[in-house]
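J.: Please read through the structure below; I'll follow up with questions.
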Amino acid sequence: TVKLIQNFGGDHNIGSFTLSLAKTTSSGEGPKQHLQKSYETWLTKQKPNLVDWQPLTVSKAEANVPFLTKEEDGVIFVGGDISKKDIFTLNFPALDKPIHSLRLDALPDDRLPAGGPGMTYYEGRKGDFFLSEFEVHQGNQKLAFSGSSQTGFGAQYGKGNAAASAAIDGDVQSGWSLKGLVGTHQAAVFNLSKPIPAGQSFTIKMNFGRHFASTIGKFRFSASDKTNPNAILHTGTLQDFLLQAPELRAQADKIRALQKQLKGTPTLVMKERPAGHTRPTFLRHRGEYTQPRDRVEPRLPAAIYPENKAFPKNRLEFARWLVSPKNPLTARVVVNRHWAAFFGKGIVPTLDDFGMQGQLPTQPALLDHLAVTFIENGWSLKKLHRLIVTSQAYQQDSKIKSGTSKQFLRQRLEAEIIRDSALKASSLLSEKMFGSPVRPLQPPGVSEVAYGGRKWKASNEVDRYRRSVYIYQKRTAPFAFLTTFDGGSGEACLAKRDRSNTPLQALTLMNDPMFLEIAENFGKLLEKHTGSLEEKITLAFRRLLTRPPTKDEVRILSEFHQKHKSWPTLTRALLSLDEAVTKN
């Protein structure tokens, strides 16, 4: 019986395969009976070689970059950063028996890429490792080996051997690797030429070096007082026998190939290093990364945070200081930027400069009140927005009255909101959330320079009409419509976007394929509406401009429709109005 487990993945059909066994033997045995008899014979032969391995407990574990955590049963789990040359130094206490052989178990774990047991994530095989050198020291003496063995077939790394013997050959370019056995429990046994005497402590050093990071992720050691044990006998199960049986070599290879498809690679996220294992940082001589000199500690500029005992020591403490109620700056900067988003101008006009060169607040008391309220409401932006839009200040009429200079700033909608509001008015806007980026329609050829021969393939169905926050962005070639209306490229964080007024913006609203499609659907919506011509025009105004039309506007648009006999043409004209892209 072959059992394959699909752990995760969108496609549960991993493929089909056929396992073929040998035909009936000359003795009349079927394939099953023949394998069962071979297995019993194999066990009988191996019984004298079975080894009672004694688990080893590490007394001290050190590494140059990663940090090693002791778990149950002598297991060591590797965390933190890894490098292209990691060195583990493990000290073990003395045993009451001599040690002739050492066994290294490489253990799989879901916390590791592709299930481990290695930590390789890029360049090399995911979940693999490369043990380039394995050394055993007793005091200042480096011990010699008489041989080695490993579970699985001898792996190949490029054109070279990657069996356990490659880790004790003195060549850092060769080493033990797993190849197709990623995600499984594997072991290597190293036999000593001379035993470690009873009552003597010893040290193991492991070097993991390649042109990419290839460190082991989870492992443990065991010892034996028996000479030359075989690594494959670490379990003695039927599965081990079947995967090693010569007559099943081809089938075993197929199983391993399918098992490689089962496990994906988890998304790795940043994790804070333990307080006792911080990464050292150095000043580089003349900026040369290979010449570290003086070690430096985490600090803030004295101008931002004066020297005192409560000085932030790491990013977490710095983040807590930023949002501390005692910090006078963060809340004021946040509420000022959101005030500017609603009113067009901040209480402090220089949104990105609260320093000496910035302008003073026009209403200091209002800024203080909003900042304190923002903190007391748990830094909730939703509550801040509700407070602003329900205020008497925001609910003032923005119509311009002749003979007065007291008026709000005219604000054009941001690029993303222009598109979203047009989609909403035409009933096309999709409220689907999450998922992959989408590609709306845009004029052909606008991305050829940045994308080369690849064409911009517009998304289908509802994805084409999702909110603009989901639009695929390439910093060197942003979505053309967003760029036309001063949208950011994503190359820098901007407190406030520039505002331009160009003929290209008007031409885009009239002729862009995306807006032509929106206008066509908007026109069909009005055409299906049961009502008079005036009622349909009123519906269009309410959906797009959020107000009823005047009598003159109804008359002009009625004449326009009588002339062109096309609702999409009328909605195309409405979408091009300044009022359609400007806040009231």
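J.: Using +1 at the C-beta of Lys and Arg and -1 at the C-beta of Asp and Glu, which of 100, 146, 178 has the Cα lying farthest in the positive direction of the dipole of region 54-235?
T.: 146
J.: Enumerate the amide H contacts of residue 186 below 5 Å, restricted to partners 5 or more residues apart or on another chain; note that Pro and chain-start residues carry no placed amide H.
T.: Residues meeting the amide H criterion: 106.
J.: Using the crude model of +1 on Lys and Arg Cβ and -1 on Asp and Glu Cβ, and no other charge, please compute the dipole size for region 330-389 relative to its Cα centre, in debye to 20.
T.: I would put it at about 260 debye.
J.: A follow-up question, please. Skipping prolines and chain starts, which residues have an amide H placed within reach, meaning under 5 Å, of the one on residue 413, given they are 5 or more residues away or on another chain?
T.: Distant-sequence amide H within range of residue 413: 582, 583.
J.: A further question on this structure: Please report, for the Cα atoms of region 54-235, the Rg to one decimal and the Dmax as a whole number; what are they, in angstrom?
T.: For region 54-235, the Cα-based Rg and Dmax read 14.9, 44 Å.
J.: Summing Lys, Arg as +1 and Asp, Glu as -1, what charge do residues with Cβ under 11 Å from the Cβ of residue 87 carry, residue 87 excluded?
T.: Result for the local shell: -2.
J.: Could I ask something else about it? Per residue of region 128-134, in order, report the coupling 6.51 cos²θ - 1.76 cosθ + 1.60 (Karplus, θ = phi - 60°) as ³J(HN,Hα) in whole Hz, putting x for Gly and Pro.
T.: Karplus-based 3J(HN,Hα) across region 128-134 equals 8, 9, 9, 7, 7, 9, 10 Hz.
J.: Are there trypsin sites (Lys or Arg not before Pro) in region 518-556 that DSSP puts in a loop and that have at most 11 other Cβ atoms within 10 Å, and which ones? List each step's numbers first, then the result.
T.: Values: sites: 524, 528, 536, 542, 543, 551, 555; in loops: none.
Counting only loop positions with at most 11 other Cβ atoms within 10 Å, none of the trypsin sites (Lys or Arg not before Pro) in region 518-556 qualifies.
J.: Short version: ³J(HN,Hα) in whole Hz for each residue of region 70-86, in order, from phi by Karplus 6.51 cos²θ - 1.76 cosθ + 1.60 (θ = phi - 60°), x for Gly and Pro, what are they?
T.: Using θ = phi - 60°, the values come out as 7, 10, 5, 6, x, 6, 10, 10, 9, x, x, 6, 10, 10, 6, 8, 9 Hz.
J.: Any idea what Rg and Dmax come out to for region 410-584 if you just take the C-alpha atoms, in Å?
T.: In order Rg, Dmax, the Cα atoms of region 410-584 give 17.0, 52 Å.
J.: So, one more: Of all trypsin sites (Lys or Arg not before Pro) in region 68-162, which ones are in loop regions per DSSP and have a Cβ with at most 14 other Cβ atoms within 10 Å? All intermediate terms of the calculation are to be shown ahead of the outcome.
T.: Values: sites: 70, 84, 85, 103, 111, 125, 126, 142, 159; in loops: 84, 111, 125, 126, 159.
Passing both the DSSP loop test and the Cβ count: 84, 111, 159.
J.: In addition: Would you work out the charge dipole size for region 54-235 about its Cα centre, treating the Cβ of every Lys and Arg as +1 and the Cβ of every Asp and Glu as -1, and quote it to the nearest 20 debye?
T.: 260
None of the figures in this text is laboratory data; all of them are computed from the coordinates on show. If you're wondering where the values come from, they're calculated on a predicted model, not measured in any experiment. Using ideal geometry, Cβ is built from the backbone for each residue, glycine included, and neighbour counts are taken over all protein chains shown.
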